[in-house]
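Asker: I have a structure here, written as structure tokens, and I will follow up with some questions on it.
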Number of protein chains: 2
Amino acid sequence: MTGLIVQKYGGTSVGTTERIKNVAQRIAEVQRTGKDVMVVVSAMAGETDKLLAMAREFSDHPQHREIDLLLSSGERISAALLTIALNALGCQAVSMTGRQIGLVTDSSHTRARIKHIDASRAKELLNNKHVVVVAGFQGINEQGDVTTLGRGGSDTSAVAVAVALGAERCEIYTDVDGVYTADPNMVADARKLDVVYYEEMLEMASLGAKVLQIRCVEVAKKYKMPLVVRSSYNNEEGTLICEENPSMERPQVSGIMYQKNQSKVTVRGVPDEPGIAAGIFDALAEAAISVDMIIQNVSAEGHADISFTLDTDHLVEAMEVMKKTAHQFKPENLISDSNIAKISIVGEGMRSHSGIASVMFRTLSNENINILMISTSEIRVSCIIESKYTELAVRALHDAFALKTAPTDMDAKAKAEQTKAL
Amino acid sequence: MTGLIVQKYGGTSVGTTERIKNVAQRIAEVQRTGKDVMVVVSAMAGETDKLLAMAREFSDHPQHREIDLLLSSGERISAALLTIALNALGCQAVSMTGRQIGLVTDSSHTRARIKHIDASRAKELLNNKHVVVVAGFQGINEQGDVTTLGRGGSDTSAVAVAVALGAERCEIYTDVDGVYTADPNMVADARKLDVVYYEEMLEMASLGAKVLQIRCVEVAKKYKMPLVVRSSYNNEEGTLICEENPSMERPQVSGIMYQKNQSKVTVRGVPDEPGIAAGIFDALAEAAISVDMIIQNVSAEGHADISFTLDTDHLVEAMEVMKKTAHQFKPENLISDSNIAKISIVGEGMRSHSGIASVMFRTLSNENINILMISTSEIRVSCIIESKYTELAVRALHDAFALKTAPTDMDAKAKAEQTKAL
């Protein structure tokens, strides 16, 4: 539908009745400009955690099907309240649940994947100039049971309905102004980015940027749905997330990311034989533990050291697996270190610029920060360092890549180009 | 289904996670006896009011369709939590929403009437020895929108699914032990009744007995579904509500009811002409104000006085209507009195015993209580008196009809006869 904008409001944006009134006013203003508006809402902040805590009073392993029914209530409540608030402003609005918007998923309760959307009823309502308010995060499976899309699933709901209805863009409203070159709480002169490409955003999301869920960006990328991340507390323009435009110059690096909650496990002195690494990582995979970086060094005497990193949340479990598994390889030593952090630079510009990684290494070295591990992708370089150097490293890299100013306004030009197309 | 028991738990019975655990234990015990159990739950106590209060922050007249989506969340939350609690006790249970239980209603949002129920999926689950936990109070209309059955609608849901599945009885769990001969807070020796007939219960419910909703009793009566009202806090037997059994002797009076929140409006000195009363009560009906008792006295001079009673909640509105309408009849006087109460005796035994009304009038007279208005049905006599005499009147009538003891154990016999049939 030309002229349709999908707006998604997160939990803090609808966290109180006062905030819901503000959101309603914002939506009513957009509608007055002649645009059709579809809104996707999350549960009021705190609601999901409150419901989960109640369920956990009964069981450490509540049935996923029941958790889905339980949690989906939160979004239904927000949707009904926002719809009432909109009508009170004279803005005709109708709520729709996941089922009513025709969002059908597979049956993987608590982390369902969308199969298809039949938004014909929503389309009709939009054509009749109603604002349609959708309860995010939820759908139904083919048996008619309520499913949910996992934490942050409302973002995915929003992009999916935007795609289904051919919206011109999907705006994700949150409590930050957009995507920054670095965490503004850590880097005083961090700058909001006007444009970020899908690929960059995917890397950033996988590196812990909480502003958008990976799946939401994946769906947007697949269907080329432009995303805008902006704050529901002000009228700043936010960040546009869109397809890369090869004709545009891009800065070498778009942002600096860090993750503190990392640990490193090292198995020293295992035989340097085929199958050792496979044995270790099969066992971890079986225990559903995700491993991030891996390195293996071979020593002179035909022994190898294997190190890998993972989220500290899984360290205890991983060490138990390792004690059982590594035992058969008779390692000299099994040690873990939780005082590490992962520092990453991300940028589409890396595809066409060489030498960016070495700027990163040199910058860290100049600050006397030792690099423990390195991993790279086409548009990312990550280094594991001692966690006490995190702030120092992020600030030094932010300076080294001159991120506080948009280089020769490339960003602005890119944005102008992209928004013309909308 | 033979051997199926439907149990309905009200808001206080599932008001905390601790209470939900108790309810789960109670259900698990019933299932262990070999019975199939279906459970209907209300929202946790206070939840519905909390949601309504939020809606009213936006609008004095929120859309009924949105209110239904909003409020139906409360029962879905209870259903999911109770199901999780049951599974944690090793009792296989599955939740179902109004839609999943196939409860289809008309489209009168906030007070929908049930059209039909397709409980085939529930039946299958029960056959596989699952406890089915149903979110009460809600259904969907033929368009697929969520509807609710009005306050207390979970009782009606429970009876309706009991009928649809051919349950052997429907147990309504609440915070009182059953139906009493009078309000136990007012009459110290009020006695719990073992058996109450549908007709009596209908009268009692319309006279303000909050233990059961009128519609729930109507449906039970229509389909002869035995109801049991009992407490979820203890193991007392409760009150059986069932079809009358003409072969059984019944006490003349089963219970004494009172309603305090009553007002009387009197229009004095209107012309004694056809159409005057019609004019007055048409106007009140148009304003959707329910009138209870009506009397008209004709004076010597060809003038009439018309009095009627109504809930005090509607008094202000009714007086406004009367000021406009009565004006054209040029009444001498328009007065209202809120210091009145309605005292009623109810009993199936009245059908076959004469003189019961006069015992009531004499008892009140003996206490020097003046009767302002009287109305009767086949199994009920109601008197309007000054409200300050309420307690005195109820206690005197409770004594006069000897309600503190079950006369010649008729109740017990009746019960034995009825339960044999189950």
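The values are calculated or read from the model by the stated rules, or taken from the named source; none is laboratory data. Quick caveat: nothing in here was measured; it's all calculated off a predicted structure. Here Cβ is always computed from backbone atoms with ideal geometry, including for glycine, and neighbour counts include all displayed protein chains.
Asker: Return a yes/no flag: does the range A:257-271 have any residue that is more than 28 Å from A:Glu199 (Cβ to Cβ) and in a helix (DSSP H, G or I).
Answerer: Within the range A:257-271, none of the residues are more than 28 Å from A:Glu199 (Cβ to Cβ) and in a helix (DSSP H, G or I).
Asker: Which residues, taken from the range B:73-96, are at the interface with another protein chain (Cβ under 8 Å from one of its Cβ atoms) and under 19 Å from A:Gly144 (Cα atoms)?
Answerer: The answer is B:Ser73, B:Arg76, B:Ile77, B:Ala79, B:Ala80, B:Thr83, B:Val94, B:Ser95.
Asker: Let me ask another. What is the number of the single condition among (1) assigned to a loop (DSSP other than H, G, I, E, B); (2) surrounded by 24 or more Cβ atoms within 10 Å (Cβ to Cβ) that B:Val159 does not meet?
Answerer: (1)
Asker: Would you confirm whether or not the range A:63-70 contains a residue that is more than 8 Å from every other protein chain (Cβ to nearest Cβ) and under 22 Å from the mean Cα position of the chain (by Cα)?
Answerer: Yes - at least one qualifying residue is present in the range A:63-70.
Asker: Go through (1) away from chain B (no Cβ under 12 Å); (2) more than 24 Å from the chain's Cα centre (by Cα); (3) not in a loop (DSSP other than H, G, I, E, B) one by one and return the number of the condition A:Thr147 breaks.
Answerer: (2)
Asker: Output the residues belonging to the range A:110-142 that are among the β-branched types (Val, Ile, Thr) and in contact with a Lys or Arg (Cβ under 6 Å, 6 or more places away or on another chain).
Answerer: A:Ile140
Asker: I'd like to verify a number: residues in the range A:113-144 that are crowded, with 17+ Cβ neighbours inside 10 Å and at positive phi, how many?
Answerer: Looking only at that region, the number is 1.
Asker: Among the residues of the range A:1-44, which ones are away from chain B (no Cβ under 14 Å), surrounded by 23 or more Cβ atoms within 10 Å (Cβ to Cβ) and not small (Gly, Ala, Ser)?
Answerer: Answer for the range A:1-44, where residues must be away from chain B (no Cβ under 14 Å), surrounded by 23 or more Cβ atoms within 10 Å (Cβ to Cβ) and not small (Gly, Ala, Ser): A:Val6, A:Gln7, A:Lys8, A:Tyr9, A:Asp36, A:Val37, A:Met38, A:Val40.
Asker: Read through the list (1) farther than 25 Å from A:His303 by Cα; (2) buried (at least 21 other Cβ atoms within 10 Å of the Cβ); (3) out of contact with any Gly (no Cβ under 6 Å at 6 or more places or on another chain), then give the number of the only condition that A:Ile384 fails.
Answerer: Condition not satisfied by A:Ile384: (1).
Asker: In addition: A:Ile280: of a type outside the set (S, T, N, Q), buried (at least 21 other Cβ atoms within 10 Å of the Cβ) and in the same structural domain as A:Ile384 (by TED's automatic domain parsing), yes or no?
Answerer: So A:Ile280 passes the test.
Every residue, every condition in (1) more than 15 Å from the chain's Cα centre (by Cα); (2) surrounded by 21 or more Cβ atoms within 10 Å (Cβ to Cβ), yes or no:
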{"residue": "B:Leu207", "(1), (2)": "no, no"}
{"residue": "B:Met225", "(1), (2)": "yes, yes"}
{"residue": "B:Arg230", "(1), (2)": "no, yes"}
{"residue": "B:Ser247", "(1), (2)": "yes, no"}
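Asker: Read through the list (1) farther than 27 Å from B:Ile241 by Cα; (2) modelled with pLDDT of 95 or more; (3) in contact with a strand residue (DSSP E or B) (Cβ under 9 Å, 6 or more places away or on another chain); (4) not in a strand (DSSP E or B), then give the number of the only condition that B:His398 fails.
Answerer: (1)
Asker: Still on this structure, I have one more. For the subset of the range B:78-112 comprising residues that are within 20 Å of B:Thr48 (Cα to Cα) and charged (D, E, K, R), which member is surrounded by the most Cβ atoms within 10 Å (Cβ to Cβ)?
Answerer: Filtering first and then ranking leaves B:Arg99.
Asker: Strands (runs of 3 or more DSSP E) wholly in the range B:291-348 with at least 2 residues that are closer than 13 Å to B:Gln262 by Cβ and not β-branched (Val, Ile, Thr) - which ones?
Answerer: By residue number, B:303-311, B:333-346.
Asker: So, one more: Restricting attention to the range A:188-224, report how many residues are of a type in the set (Ser, Thr, Tyr), without any contact (Cβ under 8 Å) to a residue 12 or more places away in the chain and part of a loop (DSSP other than H, G, I, E, B).
Answerer: Qualifying residue count for the region: 0.
Asker: How about the range A:133-144: which of its residues are in contact with a strand residue (DSSP E or B) (Cβ under 7 Å, 6 or more places away or on another chain) and in a loop (DSSP other than H, G, I, E, B)?
Answerer: Result: A:Gly136, A:Phe137, A:Asn141, A:Glu142.
Asker: Going through the range B:283-312 one residue at a time, which ones are over 19 Å from B:Ser382 (Cβ atoms), among the small types (Gly, Ala, Ser) and surrounded by fewer than 16 Cβ atoms within 10 Å (Cβ to Cβ)?
Answerer: If the condition is that a residue be over 19 Å from B:Ser382 (Cβ atoms), among the small types (Gly, Ala, Ser) and surrounded by fewer than 16 Cβ atoms within 10 Å (Cβ to Cβ), then B:Ala285, B:Ala287, B:Ala288, B:Ser299, B:Ala300, B:Gly302 are the ones that fit.
Asker: Here's a follow-up. If the Cβ limit is 7 Å and pairs must be 6+ apart or interchain, which residue in the range A:251-271 that is closer than 29 Å to A:Phe329 by Cα and in contact (Cβ under 8 Å) with a residue 60 or more places away in the chain pairs with which residue that is surrounded by fewer than 20 Cβ atoms within 10 Å (Cβ to Cβ) and of a type in the set (Phe, Trp, Tyr)?
Answerer: A:Val270/A:Phe329
Asker: Are any residues in the range A:120-132 within 14 Å of another protein chain (Cβ to nearest Cβ) and not in a helix (DSSP H, G or I), and if so, which ones?
Answerer: Within the range A:120-132, A:His130, A:Val131, A:Val132 qualify.
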